[in-house]
Amino acid sequence: MKKKLLVTSALPYANGPLHFGHLSGAYLPADVFVRHKRLSDVKTMYICGSDEHGVAIMLKANELKKDYRDYVNQWHENHKDLFKKYRVDFDFFGQTSKEYHAKEVKIWFGKLHSKGFIETKDEQQLFCNSCKNHLPDRFVEGKCYVCGYEKARGDECPDCGTWIESIKLIEPTCQICGSKEIEEVTVTQYYLMLSKYHNEYRQWLKDKQTSWRKTVFPYVESLTNENLHDRAITRDLDWGIDVPLDEAKGKKLYVWFDAPIGYVSNTKQYFEEKGIQEDYLKDWWQNPDTEIVNFIGKDNIIFHGVIFPMMSMASERVRPVDVVAASQFLNLNGKQFSKSTGNYVDAIEAFEKYGDDALRYYLLSISPETMDSSFTWEGMAAKVNGELANNIGNLVNRCLKFWEKNWKDGIDCQVIRDFSDREIAKKIQSKVNEFHNCLNNYEIKKGLETVMSMGHDVNLYFTEKEPWAVYKNDQAKASEIIAETGMAILILSVFLSPFIPTLSEKIQSHFSDVVTDDFKKAIYKGDFSIINSVFKNNLALNGTPQALVPKIELK
């Protein structure tokens, strides 16, 4: 096992609000994985940031008559706020429009260019004779030449999914001025010569068959089997990072080339801002003892599974990724999330209404790890009410309220002196290895199911022991049952903490005198004997137990 872990999530595009599909695909699973590894005592870093260049941003900012930088800053802050609400805790969340990022990108360009992996090629591009602008990608719309969709973009048809060659669009329209006075011109662009690295890439890829998801490796393997296709990495734009060559004046590096380098530049900036003495390259990105994991959606597999690894190896700037943990799509009521069609949920408004516990739990429980899944309000109510509220919330409420009512001054800790040998402790402990195997294999949803099965075991134990009935005749025995259940609940809170940290912290607050980092790590590793040593006096609760999981009304 490697000594360090470097986790990234796909850089969110600073051009609109994030929805549940983004959260469940790239951010919540990564956050759970990071929390899991830290509790397992692995030195871990979690890096992300806003992706702030590209034609789509330019078009929207122009439409709103906003400065590009002001526009991306607005969405950067919006996304940061959303992540804070949902407890997605990055070590650093940077911006690709910052100068520190441009410096790192230019180093990569220089290395790839000097090694012969960046070359110029002439290509055909559309040009608007009315506003005198080149029209790459989304600067032009027209009828799709494959399916006939009227509003195909210059990079993709939203209807049939074809990667569009803009010069083939039927009846193209300039998205800057609305003119149809468009002609085809020859332009020179810089290309990343992926074709030159095909053999080396395939040699690297073959070792990923067992470590990458079955929805990722076969796709990448088939896509790259015969060859790798060269791709243009520059555009004639006025927003982006300048190509660092005198002869390339006016050209910008395009967004897909500069964005993934943001993982590296943000790491460097994080170290500088925090005064960390480690070297971001030698100690992390180039270190063979570091495992590098990218959490992304399936629409980013080509960039993270093919292009960025090639850039990493060919430039010799960083080690390529070890694992591409790509999720499938989360839909809303069976259809893609779309603000324009109204098939959309405002994630911040949902947080204000339901809180992060309920939403994190439901989104993780339907995580589209290996197949598309669907968010429904009926599903959320059923999951939160029937599982989280009944299985965890109700258990905690019943046990701790009974505890406080009858043993306000505490329970003699001698009753749980050998807790790790008790029936309920062994029942939970029998599932710890399964739990760790799930999360270590990026099976986040299955890991959550394992914790909930632990909760079911504790519920069953509590119900069968009936401490409320035992109390009438044997208060000492009742106190033992309550203390055992209380310790089991404390253990559950530790295993729940990667998934629903807020609920976990609320439970642990009742035992705050003993819940140190060392205590949690010991429990998480399955060492329940620590309970025998940390409770030395009466077992007394801190604070009055409150209802923890409000039920959701389906209406």
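The values are calculated or read from the model by the stated rules, or taken from the named source; none is laboratory data. Keep in mind that what you see is a predicted model, and the values were worked out from it rather than measured. Neighbour counts are summed over all protein chains in view; Cβ atoms, including those assigned to glycine, are modelled from backbone coordinates with ideal geometry. In case anyone asks, the SASA skips ligands and DNA or RNA and just uses the protein heavy atoms, side chains included. Shrake-Rupley method; radii C 1.70, N 1.55, O 1.52, S 1.80 Å.
Kindly give the semi-axes, whole Å and largest first, of the ellipsoid equivalent to segment 166-306, taking each as the square root of 5 times a Cα gyration tensor eigenvalue.
Taking √(5λ) for each Cα gyration eigenvalue gives 33, 24, 15 Å.
Tell me whether segment 267-367 comes out rounded, prolate or oblate; compute the Cα gyration tensor, take square roots of the eigenvalues as a ≥ b ≥ c, and use a/c under 1.5 as the rounded threshold.
Details: a/c = 2.79, a/b = 1.77, b/c = 1.58.
Prolate shape, in that a/c is at least 1.5 and a/b is the bigger ratio.
Could you state the accessible area per residue of the chain in Å², with a 1.4 Å probe and every protein chain left in place? Don't jump to the answer; show the numbers that get you there.
On the way: 24000 Å² over 555 residues.
Value returned for the chain: 43 Å² of accessible area per residue.
Using heavy-atom solvent-accessible surface (probe 1.4 Å) with all chains present, what is the largest-first order of Trp212, Trp75, Trp377?
My answer, sorted largest first, is Trp377, Trp75, Trp212.
How much FRET efficiency would the formula 1/(1 + (r/R0)^6) give for Glu150 and Tyr344, where r is the Cβ-Cβ distance and R0 is 25 Å, rounded to 0.05?
With a Förster radius of 25 Å, E is 0.65.
So what are the ³J(HN,Hα) numbers for segment 486-500, from phi and the Karplus equation (6.51, -1.76, 1.60; θ = phi - 60°), rounded to whole Hz, Gly and Pro as x?
3J(HN,Hα) across segment 486-500, in whole Hz: x, 5, 5, 5, 4, 4, 4, 4, 5, 6, 7, 4, x, 8, 10.
List the cysteines in the chain whose Cβ has no other cysteine Cβ under 4.7 Å from it.
Lacking a cysteine Cβ partner under 4.7 Å: Cys48, Cys399, Cys413, Cys438.
Please report the Cα spread of segment 1-106 along all three principal axes, rounded to whole Å, starting with the longest.
50, 34, 17
Once R0 is set to 25 Å, what does the formula 1/(1 + (r/R0)^6) return for the Cβ-Cβ distance between Glu423 and Tyr354, expressed as a FRET efficiency to the nearest 0.05?
Once rounded, the FRET efficiency stands at 0.10.
Which angle from 0 to 90°, rounded to the nearest 10, does the C-alpha axis of helix 68-85 make with the longest principal axis of the chain?
So the helix axis and the longest Cα principal axis differ by about 20 degrees.
Just to be sure I understand the model, the point goes 7 Å from the Cα along the line to the Cβ. What's the resulting Asn62 to Ser40 distance in nm?
4.8 nm
For Lys465, go through the lysines and keep the ones whose alpha-carbon is under 20 Å away, minus same-chain ones fewer than eight residues off.
Hits, sequence-local ones excluded: Lys401, Lys405, Lys426, Lys427, Lys477.
Could you calculate the contour length gain from Asn532 to Ile276, that is, 0.36 nm times the residue separation minus the distance between their Cα atoms, to one decimal place in nm?
Details: separation 256, 0.36 × 256 = 92.16 nm, distance 3.78 nm.
Extending this stretch completely gives an extra 88.4 nm.
What percentages, rounded to whole numbers, describe P(r) for the chain computed over all alpha carbon pairs with 20 Å bin width beginning at zero?
Taking every Cα pair in the chain, the percentages come to 19, 48, 25, 8, 0.
Report the accessible area of Asp372, computed with a 1.4 Å probe over the heavy atoms of all protein chains in place, in Å² rounded to the nearest 10.
Ignoring ligands and nucleic acids, Asp372 comes out at about 70 Å².
Please compare each pair in Lys80/Lys555; Lys121/Lys196; Lys43/Lys274 to a cut-off of 20 Å on the Cα-Cα distance and tell me which ones are over it.
From Lys80/Lys555; Lys121/Lys196; Lys43/Lys274, over 20 Å: Lys80/Lys555.
Provide the convex hull volume over Cα atoms per residue for segment 341-475, in Å³.
Looking at segment 341-475, the number lands at 154 Å³ per residue.
Between 0 and 90 degrees, rounded to the nearest ten: what's the tilt of helix 28-39 against the longest Cα principal axis of the chain?
50 degrees
Cα atoms only: what Rg and Dmax, in Å, come out for segment 74-232?
Radius of gyration, then largest Cα-Cα span, for segment 74-232: 20.0, 54 Å.
Determine the share of the chain's accessible area contributed by carbon and sulfur atoms, expressed in whole percent, with a 1.4 angstrom probe. All intermediate terms of the calculation are to be shown ahead of the outcome.
Values: 10890 of 24000 Å².
Ligands and nucleic acids excluded, carbon and sulfur give 45 percent.
Long-range amide H contacts for Thr234: which residues qualify at under 5 Å (H placed 1.01 Å from N, peptide plane, sequence gap of 5 or more or a different chain)?
Tyr190, Tyr254
Relative to the first principal axis of the alpha-carbon coordinates of the chain, what is the inclination of helix 99-114, with its axis defined by its Cα atoms, in degrees from 0 to 90 and to the nearest 10?
60 degrees
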